[in-house]
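Data first, discussion second: the structure below is written as structure tokens.
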Amino acid sequence: MKPPPFQYHDPRTIAEAVGLLGTLENAKLLAGGQSLMPMLNMRFVLPDHVIDLNRVEGLSYIKETGGVLEIGAMTRQYEVEFSEIVRTRCPLLHQAILQVGHRQTRNRGTVGGSLCHLDPAAELVSVAAALDATIVVTNASGRREIKFADFPVAYMTPAIEQNEILTAVRFPLWKAGHGAAFVEFARRHGDFAIVSAAALLERDGGGIIARASITIGGIGSAPVRVKELEEAIVGKTASAELFRTACESCRKLDAIEDIHAPASYRQHLAAVLSRRALEQASGIAPQSATSVH
Amino acid sequence: MSSKRTIAVTVNGTRYERKDVEVRLTLADFLRHELGLTGTHLGCEHGVCGACTILLDGKSARSCLLLAVQADGHKILTIEGIAPSADKMHPLQEAFRDNHGLQCGFCTPGMLTTLIEFLRDNPDPTEQEVRIAISGNLCRCTGYQGIVAAALDAAKRMRAAP
């Protein structure tokens, strides 16, 4: 349970980090270390070089510009947790971050690290899918943007090239006053969800649902946007009955199976949790502050 | 580039200059083996059990998931440094003793360091908030009841005598 031998690099600038990444063979980027360090300790990964991003300047910030929330890759999860902009302007992210690990891991864990690790049940990954986030990566020739829909290419595999570093994520914000809820089922608080549901709702002056986004995490190799469910509720008035009926479509989603739960159980959770998320996002049910456990 | 680095850290108020460490050495092993501070316990060594929790610049972190080189220039507080003096315990320690907040004691250093940060941020927590705060710390003896009671009792003592 000790990391294997490696060479350690701690660049101070993004350019320096990109340069190292482009020239060193078998290098791994170390962000908050809440996933890579366990993998090193257990020797699941054996890098020749570890490039530590913790001393790189300019990668830790939360800012809102023109209706878009941009978060630097090395922003710690606890900074998101305590951010007033996030709480007021991006309530889905605020709710989700409280369910990411524990205070001890959020103090170190980063936004960019979680997105790159791309665990199918990770809360931040689901939020990125729900909000149609844009991923910003930096390479030797400049910056490149990736739509989140194109970001996961396979199980835990992001569409980032070997010589690129994720430097920021942009979340387009929904209208002020929109409804949002992030609910998940986990065996213990702070665990990765077995299944999670993220819901966003915008209603017009007459109470009709004008816009909806529903994302199920933990069910496939990456979070799934349930377009059929989104289309089924847009144009209608929010009600428990509408959500109960419409969320049944989640039982048809392709689902993974593992030691924690069979596919049929995940499909059941998807239907139940999407309904609960929509009920909370629309104000039919009170917001639950923590995960279901 | 060598696989060793020289670091300087402040642990429990004591400055350690020019410590040569292998770059792959975890902070937990540095504290235990290089500084002899064995109060920081190692349970799982992959960030799940919480026993190795320390405070890095006042923020709780798992020392098995940090490299010693990453602590260069930083301040660390371990369980050895929480009591105000050699003959006086921290209110959390007193409350753990009085409420049967420990049995074997293996998880206790991580529980206390976690709760120091938690009670600093939230001096008057509910029982549910305490349970969430220690959800990243595994205890196999107590069933957590005594630990939760101790945390609530400590919060009360610290509010009475801040």
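Counting only alpha carbon atoms, the long axis of helix B:145-160 and the longest principal axis of chain B meet at about 90°.
For a quick check, take a GNM of chain A with Cα springs below 10 Å and name the residue from A:GLU70, A:GLU57, A:GLU79 with the largest mean-square fluctuation. Largest GNM mean-square fluctuation: A:GLU57. Principal semi-axes of the equivalent ellipsoid, √(5λ) from the alpha carbon gyration tensor of region B:91-162, are 18, 13, 10 Å from largest down. Average accessible surface for the protein assembly as shown: 42 Å² per residue, computed with a 1.4 Å probe over protein heavy atoms with every protein chain in place. Between A:GLU279, A:GLU81, A:GLU161, which gets the highest mean-square fluctuation from a Gaussian network model of chain A, Cα cutoff 10 Å? Highest fluctuation of the listed residues: A:GLU161. The residues packed around A:ASP191, meaning those with a beta-carbon under 12 Å from its beta-carbon, carry a net charge of -1 if Lys and Arg are +1 and Asp and Glu are -1. Can you pull the percent of Cα pairs in chain B with separation above 22 Å? I get 41 percent for the Cα pairs in chain B exceeding 22 Å.
In a simple Cβ point-charge model (Lys, Arg +1; Asp, Glu -1; nothing else charged), region A:1-132 has a dipole of about 380 debye relative to its Cα centre.
Contact order, relative form, for region B:91-160: 53 percent (alpha carbon pairs under 8 Å, 6 or more residues apart, mean separation divided by residue count). For region A:6-79, chymotrypsin sites (Phe, Trp or Tyr not before Pro) meeting the loop criterion (DSSP other than H, G, I, E, B) and having at most 11 other Cβ atoms within 10 Å: A:PHE44. Label sites at A:GLU241 and B:LYS19, each approximated as a point 7 angstrom past Cα along Cα to Cβ, lie 6.7 nm apart.
Cα centroids of region B:69-95 and region A:85-105: 29 Å apart. Rounded to the nearest 100, the interface formed by chains B and A buries 2800 square angstrom of accessible surface, both chains summed, with a 1.4 Å probe. Couplings 3J(HN,Hα) of region A:209-214, computed from phi: 5, 9, 7, 9, 9, 10 Hz, in residue order, whole Hz [Karplus 6.51 cos²θ - 1.76 cosθ + 1.60, θ = phi - 60°; x for Gly and Pro].
Using the Cβ of A:ALA263 as centre and a radius below 11 Å, the other residues enclosed give a net charge of -1, where K and R count +1 and D and E count -1. Based on Cα atoms of the protein assembly as shown, Rg over Rh with Rh as the Kirkwood radius reads 0.98. Contact residues in region A:33-73 by the 20 Å² criterion (accessible area, 1.4 Å probe, full protein complex versus chain alone): A:GLN34, A:MET37, A:PRO38, A:ASN41, A:MET42, A:ARG55. Interface residues of region B:49-80, defined as a loss of at least 50 Å² in heavy-atom accessible area between the chain alone and the complex of all protein chains with a 1.4 Å probe, are B:LYS59, B:ARG62, B:LEU65, B:LEU67, B:GLN70. With the simple model of a label 7 Å out from the Cα in the direction of the Cβ, B:LYS59 to A:GLU64 spans 2.2 nm. Expressed as a whole percentage, what fraction of the accessible surface of region A:179-282 belongs to carbon and sulfur atoms when a 1.4 Å probe is rolled over the protein heavy atoms? The value for region A:179-282 is 51 percent carbon and sulfur by accessible area. Counting only lysines at least 8 places from A:LYS63 when in the same chain, those with an alpha carbon closer than 24 Å to its own are A:LYS147, A:LYS175, B:LYS59. Take the Cβ atoms of B:GLU34 and A:ARG187, set R0 to 30 Å, and the FRET efficiency comes out at 0.25. For region A:214-293, would you read off the P(r) tail past 18 Å as a percentage of all alpha carbon pairs? Every Cα pair in region A:214-293 considered, those over 18 Å come to 40 percent.
The values are calculated or read from the model by the stated rules, or taken from the named source; none is laboratory data. Being a predicted model, the structure only gives us computed values, none of them experimental. Heads up, the Cβs are rebuilt from the backbone with ideal geometry, glycines too, and the neighbour counts pull from every protein chain shown. Heads up: the accessible areas ignore ligands, DNA and RNA and are worked out on the full protein's heavy atoms, side chains in. Shrake-Rupley method; radii C 1.70, N 1.55, O 1.52, S 1.80 Å.
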